[in-house]
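The values are calculated or read from the model by the stated rules, or taken from the named source; none is laboratory data. Keep in mind the model is a prediction, meaning the values are calculated, not measured. Positions of Cβ are generated from backbone atoms using ideal geometry, with glycine treated the same way; all protein chains shown enter the neighbour counts. The protein model used for the area step is the full one, side chains on, heavy atoms only, and it has no ligands, DNA or RNA in it. Shrake-Rupley method; radii C 1.70, N 1.55, O 1.52, S 1.80 Å.
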Amino acid sequence: MDMIRVEDLSYVYAPGMPNATTAVDKVSFCIEKGDFVGVIGPTGSGKSSLITHFNGINKPTSGRIYIDGEDMWADSKKIRSFRFKVGLVFQYPEYQLFEETVYKDIAFGPKNMGLSAHEIDRRVKEAAAFCGLDEALLQSSPFELSGGQKRRVAIAGVIAMEPKVLVLDEPAAGLDPEGREMILSQVKKYHKETGSTVILVSHSMEDIAKYADKVLVMKDGKVAMYDTTQKVFDRAPELLEMGLSVPQVTKIFLKLKEMGIDIDTDVYTIPYAVKTLLAYKAAKEGGTNA
Amino acid sequence: MLKDITIGQHFPGNSPVHKLDPRIKILLTVAFVIVLFVASNLVGLLCSLLFIGVLYAVAKIPLKTILKSLKPILPIVLFTAILNIFFVGGTPVFTWRFITITKEGIVYAVIMSLRIVGLISGTSLLTYTTSPIALTDAIERLLKPLAKMHMPVHELAMMMTIALRFIPTLIEETDKIMNAQKARGAELDSGSIKDRITALVPVLIPLFISAFRRADELAMAMECRCYRGGEGRTRLKQLKLHASDFVSALVCAAVLTAICFTKMLPVIF
């Protein structure tokens, strides 16, 4: 079942002006329910413009978007209901915090949904726990927290709306390795435990390789590739040509291949690399023994 | 909605209007504003608007942009027009119960509306065709005599440069924060006035915080590059007047003077 279906979507900035630019150019694709899709692409390739369509922040210049089978812009008065279905975490979301306490800030989304006080309380506590925020932190001011904690509060603010689709634009940008790992694994946990669809925009091929099942590659406002993570990273030369990269492990395997070692290069995670190497070793030893 | 704000926007170009020395442009704009008040007759104001229109055409700024910049002041124009229509005394042309519309009222309303339109389009032309840097450089240069009276002219100009420079940045920032709050279900453009004002709190607080953060960072960056105010500071780009500047200035001055003389014309209305 399609969670998000995009048909012929185009988005033009400042249409009719001399500086009009097409950010998204006649894009069509489907994202299935429960998928974890990574979105990669060079800077200015239209990634952010594309994902802000998923919850109706941007209105398509032309084309249609269906969320869960429903045409998003059929009635523009109902657009708000889609904002609760599709939770969008913007880049550097910590700059959106405004309330006196962490608790109130996380409650902002659920409150806008018109939920009961009891339900809001449950969601805030769950979302905070999900994002690894200590309950003691809930009553402190969000401005007293560290950068990583602020980021987690902001993400919790979106998760508390319990969206069916969670879209994150570079949620780990500017964090230390530990912070990165923490946030992304929590996103993964949310994906697994709630069965929701997750769309993750990232510049880190390692993160994409580690968490995403499918990868969507944007280039000049168009979808250049959309396939399983393995198949996309198997097209390393094309990715490199686009100014993108492949995970470090893949690079090692490409180098090995270049050195004349007959090995598969569709490796993109460490565990899979170990498996492939062991299999290669076994095959080689088996070969010499025979 | 924020994209409609065109005040302070700059449209780079290569036209004679763009190339004119910014100091002369500022002086001419001031003169134009004065003319708008001196020539308080229909012919004069229409001529002034025509003059500005020609300059817009020379600067190749699309009509759409001008109309867009006029859109936000439409309520003010209407308000002044209505006030004038109903409250200026004179020969009545229309009476209904307590409402009386006079001939003078109509003429005044038209004059006032044209004047406001002229003020906005004239001053917008200056900012459209002059980069903020050139503009503040010129202001600094023009105000230099005041420095002798211990006015912090350079500092004022620097403050203006920074303020102008940060208008687009802050607009962009506001847009981002608004989107982030909308993504959390905030309703920013519907509801009663009270609702809308309270809905702005989640936008204004992060905006102020980020403005202060930016100010701090900028101050730090300026100090790192040894900025210490105006005393003994030289500039990379020296403003120089060319023959073409004098010609343009003279032509514009002549036109503006001519417009002033429309006052002598017999009153048509």
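The table for this structure:
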| item | result |
| --- | --- |
| Complete set of residues in segment A:149-164 that are within 18 Å of the chain's Cα centre (by Cα) and in a helix (DSSP H, G or I) | A:Arg151, A:Arg152, A:Val153, A:Ala154, A:Ile155, A:Ala156, A:Gly157, A:Val158, A:Ile159 |
| Checklist (1) hydrophobic (A, V, I, L, M, F, W, C); (2) within 14 Å of chain A (Cβ to nearest Cβ); (3) part of a loop (DSSP other than H, G, I, E, B) applied to B:Met151, failing item | (2) |
| Only one of B:Thr198, B:Thr169, B:Thr161 that is part of a helix (DSSP H, G or I), within 14 Å of chain A (Cβ to nearest Cβ), closer than 30 Å to B:Lys25 by Cβ and open to solvent by less than 100 Å² (accessible area, probe 1.4 Å) | B:Thr169 |
| Residue check, B:Leu236 open to solvent by 70 Å² or more (accessible area, probe 1.4 Å) and either in a loop (DSSP other than H, G, I, E, B) or over 30 Å from B:Lys148 (Cβ atoms) (or both) | yes |
| Single match in B:Ala211, B:Ala186 (criterion: open to solvent by less than 50 Å² (accessible area, probe 1.4 Å), closer than 28 Å to A:Ser48 by Cα, at pLDDT 80 or above and part of a loop (DSSP other than H, G, I, E, B)) | B:Ala186 |
| Near pairs, Cβ below 6 angstrom, 6+ apart or cross-chain, from segment B:68-85 (crowded, with 16+ Cβ neighbours inside 10 Å) to any residue that is of a type in the set (Ser, Thr, Tyr) | B:Lys68/B:Thr6; B:Ser69/B:Thr6; B:Ser69/B:Ser124; B:Val77/B:Ser113; B:Ala81/B:Ser113; B:Asn84/B:Tyr108 |
| Scan of segment A:68-100 for residues that are surrounded by 23 or more Cβ atoms within 10 Å (Cβ to Cβ) and away from chain B (no Cβ under 11 Å), ordered by number | A:Met72 |
| Residue list for segment B:127-148, filter: among the basic types (Lys, Arg), over 30 Å from B:Lys60 (Cβ atoms) and in a helix (DSSP H, G or I) | B:Lys144 |
| From A:Ile51, A:Ile4, A:Ile67, A:Ile57, residue being of a type outside the set (Phe, Trp, Tyr), modelled with pLDDT of 90 or more and touching a helix residue (DSSP H, G or I) at 6+ places or on another chain (Cβ under 6 Å) | A:Ile67 |
| Output for segment A:207-220, where each listed residue is touching a helix residue (DSSP H, G or I) at 6+ places or on another chain (Cβ under 8 Å), surrounded by 18 or more Cβ atoms within 10 Å (Cβ to Cβ) and not β-branched (Val, Ile, Thr) | A:Asp207, A:Ala209, A:Lys210, A:Tyr211, A:Ala212, A:Lys214, A:Met218 |
| Any pair with Cβ under 7 angstrom, 6 or more apart, that starts in segment A:101-124 at a residue that is free of Cβ contacts under 8 Å to residues at least 12 places away in the same chain and within 11 Å of another protein chain (Cβ to nearest Cβ) and ends at one that is in a helix (DSSP H, G or I) and open to solvent by less than 50 Å² (accessible area, probe 1.4 Å) | A:Lys111/A:Ile120 |
| Test result for A:Arg64, touching a Cys at 6+ places or on another chain (Cβ under 9 Å), more than 14 Å from chain B (Cβ to nearest Cβ) and open to solvent by 40 Å² or more (accessible area, probe 1.4 Å) | no |
| Only one of B:Ala253, B:Ala258 that is at pLDDT 85 or above and within 30 Å of B:Ala157 (Cα to Cα) | B:Ala253 |
| Residues that are over 26 Å from the mean Cα position of the chain (by Cα), within 23 Å of A:Lys214 (Cβ to Cβ) and not charged (D, E, K, R), drawn from segment A:254-273 | A:Leu254 |
| Residue list for segment A:221-249, filter: touching a strand residue (DSSP E or B) at 6+ places or on another chain (Cβ under 9 Å), β-branched (Val, Ile, Thr) and assigned to a helix (DSSP H, G or I) | A:Thr229, A:Val232 |
| Residue among A:Gly16, A:Gly56, A:Gly44, A:Gly34 that alone is small (Gly, Ala, Ser), within 14 Å of another protein chain (Cβ to nearest Cβ) and under 20 Å from the mean Cα position of the chain (by Cα) | A:Gly56 |
| Residue among B:Ser248, B:Ser190 that is more than 20 Å from B:Met158 (Cα to Cα), within 14 Å of chain A (Cβ to nearest Cβ) and of a type in the set (Gly, Ala, Ser) | B:Ser190 |
| Condition check for B:Leu119: away from chain A (no Cβ under 14 Å) and open to solvent by 40 Å² or more (accessible area, probe 1.4 Å) | yes |
| Cβ-Cβ under 9 Å pairs, at least 6 apart or on other chains, segment B:21-35 side open to solvent by 30 Å² or more (accessible area, probe 1.4 Å), far side of a type in the set (Asp, Glu) and in a helix (DSSP H, G or I) | B:Arg23/B:Asp137; B:Arg23/B:Asp245 |
